[in-house]
Amino acid sequence: MARYKLSGGCACGNIHYDFDGELAMAVHCHCRDCQRSSGSGSAAIFAANRNDIQLTGKTSSYQYTGDSGEAVVRHFCPNCGSPLFSDVKTLPDLMFMRIASLDDPSQIRPSMHIYCDSSQVWDRPNDPLPKFGKMPS
Ligand SMILES: [Zn+2]
Ligand SMILES: [Zn+2]
């Protein structure tokens, strides 16, 4: 497994993080919650172990019920509103980070599309990556 050493943060610089570790996964997510919180057709997300991410600054957050029926908490910068990461109750060891929040987002590439059932007609995935209607089991 590749080991990454990357940094990132929000648009205004209030929140910063360092990531030093391995990826659990990297996906394009087309779920309605990602669409709403990003204002776009999908969100590029990587998941990594919570212990491998050092966060500086205090996020604001809101909670909703995810597809699993369990709580998801989305964290964003209270100043500029940039979406940064989510905590998923069913996977408590992981943080689900927005790839675009990295200082160099080209370093992590999504390997699949998930929640394609809710992809928008104007943003259907059409690359060769695997596609799943919901979450792959
Ligand atoms: Zn900010
Ligand atoms: Zn999503």
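Out of Ser42, Ser101, Ser118, report the one residue that is polar (S, T, N, Q), within 16 Å of ligand 2 (Cβ to nearest atom), closer than 20 Å to Gly13 by Cα and surrounded by 15 or more Cβ atoms within 10 Å (Cβ to Cβ). Working first, answer last.
Numbers: Ser42 fails: closer than 20 Å to Gly13 by Cα; Ser118 fails: closer than 20 Å to Gly13 by Cα.
The match here is Ser101.
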Would you point out the residue of the stretch 39-57, among those that are over 20 Å from Ala26 (Cβ atoms) and in contact (Cβ under 8 Å) with a residue 24 or more places away in the chain, that is nearest to ligand 1 (Cβ to nearest atom)? Gly57
Subset of the stretch 12-39 [part of a loop (DSSP other than H, G, I, E, B), surrounded by 14 or more Cβ atoms within 10 Å (Cβ to Cβ) and not β-branched (Val, Ile, Thr)]: Asn14, His30, Cys31
Residues of the stretch 86-101 being part of a helix (DSSP H, G or I) and among the hydrophobic types (A, V, I, L, M, F, W, C), in sequence order, are Ile99, Ala100
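Counting just the residues of the stretch 45-55 that are assigned to a strand (DSSP E or B) and more than 10 Å from ligand 2 (Cβ to nearest atom), which one comes out nearest to His75 (Cα to Cα)?
Filtering the stretch 45-55 down to residues assigned to a strand (DSSP E or B) leaves 45-49, 53-55.
Then drop every residue that is not more than 10 Å from ligand 2 (Cβ to nearest atom), which leaves 46-49, 53-55.
On the way: Phe46: 15, Ala47: 14, Ala48: 15, Asn49: 16, Ile53: 14, Gln54: 15, Leu55: 12 Å.
Only one residue fits best here, namely Leu55.
No lab work stands behind these numbers, since they all come straight from the coordinates. What you see is a predicted model; the values in this text were computed from it and never measured. Please note: Cβ atoms are built from the backbone with ideal geometry, for glycine as well, and neighbour counts cover all protein chains shown.
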